[in-house]
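Read the structure below first, then the notes.
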Amino acid sequence: MAGLTLRGVRKSYGEVQVMHGVDLDIEDGEFVVFVGPSGCGKSTLLRMIAGLEEISDGTIAIGDREVNEVAASKRGVSMVFQTYALYPHMTVYKNMAFGLKQAKTPPAEIDKRVKAAAEILQITDYLDRSPRNLSGGQRQRVAIGRAIVRDPDVFLFDEPLSNLDAALRVQTRLEIARLHERLETTMIYVTHDQVEAMTLADKIVVLRDGVIEQVGSPMDLYDRPDNAFVAQFIGSPKMNFFSHADLSANGGSALGREIIANIEVGIRPEHLVETDSANSVVEGTLELVENLGEYSLVHLLTPSKAEFIAKTERPPTVAKGSTLSFGIKDELVHFFNKDTGARLTN
């Protein structure tokens, strides 16, 4: 096992710079998730760690060893891709054994590692099957097993669940979490899905346009986002933002802070609580209700026509077009500079 250190890591394609001086420390045994919108650089950063992309500047170290000039096959990493990349003409066993065979590992050791990995992933019964006779979830387990047998210092996952349906995503996500707990190996996982990030990570790295916006535990990012981008990216549904014009008549005083033109108020849907108009912070016209059983997502418009969502235990009993008033649960509110996006101290 090994940790990683990235210092001043940059990547350019010609004159276009896509990674802008990344500094990051990953501890030995951590599960770290790179998350961000499409095009933010998360997969590029992962591929540079793997040695599949050259870095333009800076240094990458795995453990105590700088690996800038080390070939991908010599870095002690194993990568699981979005596409399973299995050989269709080989059995599951041969797919998992292929890398070890290429490395001239003794047959007895290959057999031991393949069977041990298959047992961990509960695919022992499939070792003699070909990939075409497996489900998507089973194929992904084979791809993970092929990484496990190499006994790497670091596992790299590049959106491994994106080709699975919703139920399999949840199941395989749990299996990856259990795998990390069992192996205690450093894992870096790329996803655009913040739910995957929140449920899997010891530490989340939020990226935007080749820059790290914030690094922290899932609850650090949820409770104390550094800026409006992180605040809206982490959490589902995303955080609501209100201007002075969106607040009710007593909204500013209820928040305990003067809300001026360059300040936005951030309140998560789950922190809004229905109240009477005398105690409201924000009021809205009911537009749509999503009934999800255990809770409802209530879509509303403020008088200034800003959209927001409240998460409620039960759907409202009033008709569409009615006005609903909301206060804030436990004073869970954030303030942001509208011009810079930075979160202000409460």
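Some observations on this one:
- Helices (runs of 4 or more DSSP H) contained in the range 173-233 and holding at least 1 residues among the aromatic types (F, W, Y) and at pLDDT 95 or above: 218-223, 228-233
- For the range 276-300, the set of residues classified as surrounded by 15 or more Cβ atoms within 10 Å (Cβ to Cβ) and within 22 Å of H334 (Cβ to Cβ) consists of S280, V281, V282, E283, G284, Y295, L297, V298, H299, L300, listed by residue number.
- Summed over the range 218-270, the residues that are small (G, A, S) and within 32 Å of the chain's Cα centre (by Cα) give a count of 6.
Residues checked against (1) in contact (Cβ under 8 Å) with a residue 24 or more places away in the chain; (2) charged (D, E, K, R); (3) farther than 28 Å from D23 by Cα; (4) in contact with a strand residue (DSSP E or B) (Cβ under 7 Å, 6 or more places away or on another chain):
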{"site": "A108", "(1), (2), (3), (4)": "no, no, yes, no"}
{"site": "D125", "(1), (2), (3), (4)": "no, yes, yes, no"}
{"site": "A143", "(1), (2), (3), (4)": "yes, no, yes, yes"}
{"site": "L168", "(1), (2), (3), (4)": "yes, no, yes, no"}
{"site": "R173", "(1), (2), (3), (4)": "yes, yes, no, no"}
{"site": "L207", "(1), (2), (3), (4)": "yes, no, no, yes"}
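- Any chance V154 is crowded, with 23+ Cβ neighbours inside 10 Å and either on the phi < 0 side of the Ramachandran plot or not charged (D, E, K, R) (or both): yes
- Scanning the range 291-318 for residues that are out of contact with any helix residue (DSSP H, G or I) (no Cβ under 9 Å at 6 or more places or on another chain), hydrophobic (A, V, I, L, M, F, W, C) and at pLDDT 95 or above yields a count of 2.
- Residue in the range 82-95 that is assigned by TED's automatic domain parsing to the domain that holds G136, without any contact (Cβ under 8 Å) to a residue 24 or more places away in the chain, more than 25 Å from R7 (Cα to Cα) and of a type outside the set (D, E) present: yes
- Qualifying residue in the range 15-26 (condition: surrounded by 14 or more Cβ atoms within 10 Å (Cβ to Cβ) and within 21 Å of R150 (Cβ to Cβ)): yes
- For V289, the criteria (1) within 28 Å of the chain's Cα centre (by Cα); (2) without any contact (Cβ under 8 Å) to a residue 40 or more places away in the chain; (3) part of a loop (DSSP other than H, G, I, E, B) hold in every case but one, which is (3).
- Of all the listed residues (G3, G29, G41, G8), the sole one being buried (at least 16 other Cβ atoms within 10 Å of the Cβ), within 18 Å of I62 (Cα to Cα) and either assigned by TED's automatic domain parsing to the domain that holds Q82 or touching a residue at least 40 places away in the same chain (Cβ under 8 Å) (or both) is G3.
- Of all residues making up the range 321-339, the number that are surrounded by 11 or more Cβ atoms within 10 Å (Cβ to Cβ) and not in a strand (DSSP E or B): 6
- Candidates are the residues of the range 60-114 that are of a type in the set (D, E, K, R) and assigned to a loop (DSSP other than H, G, I, E, B); the one that is farthest from the chain's Cα centre (by Cα) is K104.
- Pick from the range 69-90, criterion among the hydrophobic types (A, V, I, L, M, F, W, C) and farther than 21 Å from S162 by Cα, ranking: surrounded by the fewest Cβ atoms within 10 Å (Cβ to Cβ): A71
- Only one of T302, T275 that is touching a residue at least 24 places away in the same chain (Cβ under 8 Å) and in contact with a Ser or Thr (Cβ under 6 Å, 6 or more places away or on another chain): T275
- Number of residues in the range 232-253 that are under 11 Å from G327 (Cα atoms) and crowded, with 19+ Cβ neighbours inside 10 Å: the value is 3.
- The numbered conditions (1) buried (at least 22 other Cβ atoms within 10 Å of the Cβ); (2) within 17 Å of F81 (Cβ to Cβ) are all true for A197 except (2).
- Selection status of L156, assigned by TED's automatic domain parsing to the domain that holds R113 and modelled with pLDDT under 90: no
The values are calculated or read from the model by the stated rules, or taken from the named source; none is laboratory data. Everything numeric in this text was worked out from a predicted model, so none of it was measured. When we count neighbours, we look across all protein chains shown, and the Cβ atoms used for this are built from the backbone with ideal geometry, even at glycine.
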